[in-house]
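Let me begin by presenting the structure, written as structure tokens, before commenting on it.
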């Protein structure tokens, strides 16, 4: 069965904007402040201590409230869950831009963008054991993502030079780059208590 949190990016390999690529980290500063960047996502722990930007810190605080709510009532308050989804959807678009996967500047908040994040509200009774032990259960993913993040950084740096010199994103690197973000965003969603299903150790959709 497909995992209930999905992420995808429409490929943009040719005719890339070299100027905005060169200045990407500067242009992305507002996004980094608000929703954080890809490398913060790969640190796992750091992201949820506020390194996911201002909205990431708010989402983390809401996850703490939701943790108590789920343990005592078995339900994730819908308003808290909706904010987490809003944050994660915005973040998913931002990291595609910051990671050089797209040249279009992502909208602030909701809006159409060629990077998609989707997750469904968990209607079934929540798994209180999974929620209660969430920080322990996610440790193997955080370890894996630490090393994957190093590889992702190298790939993205190579892609940066490739776009500047050739105007193209290397096609062979795209599945790995998107897969890294997909894995990380699934784990972040899991940490924010949006779903109870354990994330797969996989880059695949």
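In this structure, does residue 165 turn out to be modelled with pLDDT of 95 or more and surrounded by fewer than 17 Cβ atoms within 10 Å (Cβ to Cβ)? So residue 165 fits the description; yes. Name the single residue that is surrounded by the most Cβ atoms within 10 Å (Cβ to Cβ) among those in segment 136-162 being free of Cβ contacts under 8 Å to residues at least 40 places away in the same chain and touching a helix residue (DSSP H, G or I) at 6+ places or on another chain (Cβ under 8 Å). Here the residue is 155.
With respect to residue 110, is the statement that it is within 30 Å of residue 76 (Cβ to Cβ) and assigned to a loop (DSSP other than H, G, I, E, B) true? Break it down stepwise before answering.
Numbers: within 30 Å of residue 76 (Cβ to Cβ): yes; assigned to a loop (DSSP other than H, G, I, E, B): yes.
When the stated conditions are applied, residue 110 passes them.
Residue pairs whose Cβ atoms lie under 8 Å apart, separated by 6 or more positions or on different chains, with the first residue in segment 24-36 and at positive phi and modelled with pLDDT under 95 and the second surrounded by 12 or more Cβ atoms within 10 Å (Cβ to Cβ) and not in a helix (DSSP H, G or I), are 36/51; 36/52. Check segment 41-54 and report whether any residue there is touching a helix residue (DSSP H, G or I) at 6+ places or on another chain (Cβ under 8 Å), farther than 25 Å from residue 203 by Cα, at pLDDT 95 or above and surrounded by fewer than 22 Cβ atoms within 10 Å (Cβ to Cβ). No, segment 41-54 contains no residue that is touching a helix residue (DSSP H, G or I) at 6+ places or on another chain (Cβ under 8 Å), farther than 25 Å from residue 203 by Cα, at pLDDT 95 or above and surrounded by fewer than 22 Cβ atoms within 10 Å (Cβ to Cβ). For segment 112-135, taking the residues that are in contact (Cβ under 8 Å) with a residue 24 or more places away in the chain and buried (at least 19 other Cβ atoms within 10 Å of the Cβ), the one that is nearest to residue 12 (Cα to Cα) is identified as 115.
The values are calculated or read from the model by the stated rules, or taken from the named source; none is laboratory data. This is a predicted model, so every value here is computed, not measured. Neighbour counts are summed over all protein chains in view; Cβ atoms, including those assigned to glycine, are modelled from backbone coordinates with ideal geometry.
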